[in-house]
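Undergrad: I have a structure here, written as structure tokens, and I will follow up with some questions on it.
The values are calculated or read from the model by the stated rules, or taken from the named source; none is laboratory data. Treat the numbers as computed from the prediction; the structure is a model and nothing was measured. Every residue, glycine as well, gets a Cβ built from its backbone with ideal geometry; the counts of neighbours run over all protein chains shown. Heavy atoms of the whole protein, side chains included, go into the accessibility calculation; ligands, DNA and RNA do not. Shrake-Rupley method; radii C 1.70, N 1.55, O 1.52, S 1.80 Å.
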Amino acid sequence: MVTRLELAESLQRYSERFMAAAVSEARRNGASWEEVAAAAGLTAAQAGSRWDETALRSLFPVQGSLHRPSAQQRLSDALAYLQVGAGVSVDEAAEQAGMDVAQVSQALEGGYLPSWPETYVLASVFGGSAEDLRVLWESARGTVSPPALPPQGAAGYLASALRGLHLSVGSPGLQRLSERALLPADCLDGVLSGSHTPPWPATARLVRTLAGRVEDFEPLWQAVEHASAALHGSASTGHLGCAGCLGPGPAAP
């Protein structure tokens with residue numbers, strides 16, 4: 001059982017992450033350190049020191065490196081990103097989801113694995129798509145397997161899983177992601193929207209770039225391969241990919 005002291009410490013850590021995320025977003029939108037400092041009641045030097053790149057990496061390690069968090073932490077990070085974007089407090093989320101404040105706080109911190117109904121409700125409360133978090137939740141539970149879907153649905157399911165992984169690392173912009181995953185930005189846009197599926201080496205490279213587990217995504221990609229073969233009347237995967245994602249790049253393991 002979470003004690004009051006543990007809950008207070010968890011809320012304090014979450015408050016720090018919430019503030020850091022708000023500052024990071026303001027800076028990306030062009031705010032100066034003077035403007036950030038004025039809003040936070042600090043000097044520009046204090047604000048710059050408190051929320052510099054080193055500090056942000058310590059609070060959001062996945063955004064600054066290729067460090068791979070635990071499966072449960074990936075789910076928590078995705079929920080936390082949605083929560084910050086929605087501006088819904090932990091108390092409000094708990095009330096709307098019918099959960100204890102301690103459970104919601106721990107779910108956002110990585111100390112509690114919510115059930116699928118709880119995950120679904122929290123995602124909805126935060127204005128996100130619960131289905132984008134399904135594979136993250138399954139991975140946290142230890143088993144990932146594609147559901148039985150018609151051929152047209154397999155690519156959409158893979159795209160949802162990739163969107164969830166994208167959320168878990170703070171939804172980096174497509175240009176930044178393009179540089180790290182060695183895939184064109186317009187190709188990535190199609191991948192995340194579900195209109196385009198790259199060949200396996202490029203898909204695996206994208207998963208690794210997003211700090212995910214390649215083994216979780218291989219069966220999902222294989223389901224797309226089988227569905228595509230059924231639709232095209234061929235076992236060939238030549239119809240998967242475009243000129244951009246078929247280009248040279250490091251091979252998947």
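Undergrad: Among (1) in contact (Cβ under 8 Å) with a residue 12 or more places away in the chain; (2) in a helix (DSSP H, G or I), which single condition is L149 missing?
TA: (2)
Undergrad: Moving on. Can you pull out the residues in segment 191-219 that are open to solvent by less than 20 Å² (accessible area, probe 1.4 Å) and more than 17 Å from the chain's Cα centre (by Cα)?
TA: Within segment 191-219, T197, P198, A202 meet the criteria.
Undergrad: Continuing with the same structure: Take the residues of segment 164-175 that are assigned to a helix (DSSP H, G or I) and aliphatic (A, V, I, L, M): which is nearest to Y81 (Cα to Cα)?
TA: Narrowing segment 164-175 to residues assigned to a helix (DSSP H, G or I): 164-168, 174-175.
Keeping just the survivors that are aliphatic (A, V, I, L, M) gives 165, 167, 174.
Numbers: L165: 11, L167: 7, L174: 17 Å.
Ranking the qualifying residues of segment 164-175, first place goes to L167.
Undergrad: Here is a follow-up. G30 versus (1) modelled with pLDDT under 80; (2) on the phi < 0 side of the Ramachandran plot; (3) not in a helix (DSSP H, G or I): which is the lone unmet condition?
TA: (2)
Undergrad: Given the criteria of a type outside the set (G, A, S) and modelled with pLDDT of 90 or more, does L210 qualify? Working first, answer last.
TA: On the way: of a type outside the set (G, A, S): yes; modelled with pLDDT of 90 or more: yes.
Taking the combined requirement at face value, the residue satisfies it.
Undergrad: Right, something else. Which one of the conditions (1) farther than 14 Å from L167 by Cα; (2) open to solvent by 20 Å² or more (accessible area, probe 1.4 Å); (3) not charged (D, E, K, R) does V104 fail to meet, given that it meets all the rest?
TA: So the condition that V104 fails would be (2).
Results for (1) in a helix (DSSP H, G or I); (2) closer than 19 Å to G212 by Cβ; (3) free of Cβ contacts under 8 Å to residues at least 24 places away in the same chain; (4) open to solvent by 30 Å² or more (accessible area, probe 1.4 Å), shown as yes or no for each residue.
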{"position": "G111", "(1), (2), (3), (4)": "no, no, no, yes"}
{"position": "E118", "(1), (2), (3), (4)": "yes, no, yes, yes"}
{"position": "L122", "(1), (2), (3), (4)": "yes, no, no, no"}
{"position": "E131", "(1), (2), (3), (4)": "yes, yes, no, yes"}
{"position": "L162", "(1), (2), (3), (4)": "yes, yes, no, no"}
{"position": "L177", "(1), (2), (3), (4)": "yes, yes, no, no"}
{"position": "R180", "(1), (2), (3), (4)": "yes, yes, no, yes"}
{"position": "D186", "(1), (2), (3), (4)": "yes, no, no, yes"}
{"position": "D189", "(1), (2), (3), (4)": "yes, yes, yes, yes"}
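Undergrad: What's the total number of residues in segment 133-160 that are surrounded by 15 or more Cβ atoms within 10 Å (Cβ to Cβ) and among the basic types (K, R)?
TA: Matching residues across segment 133-160 total 1.
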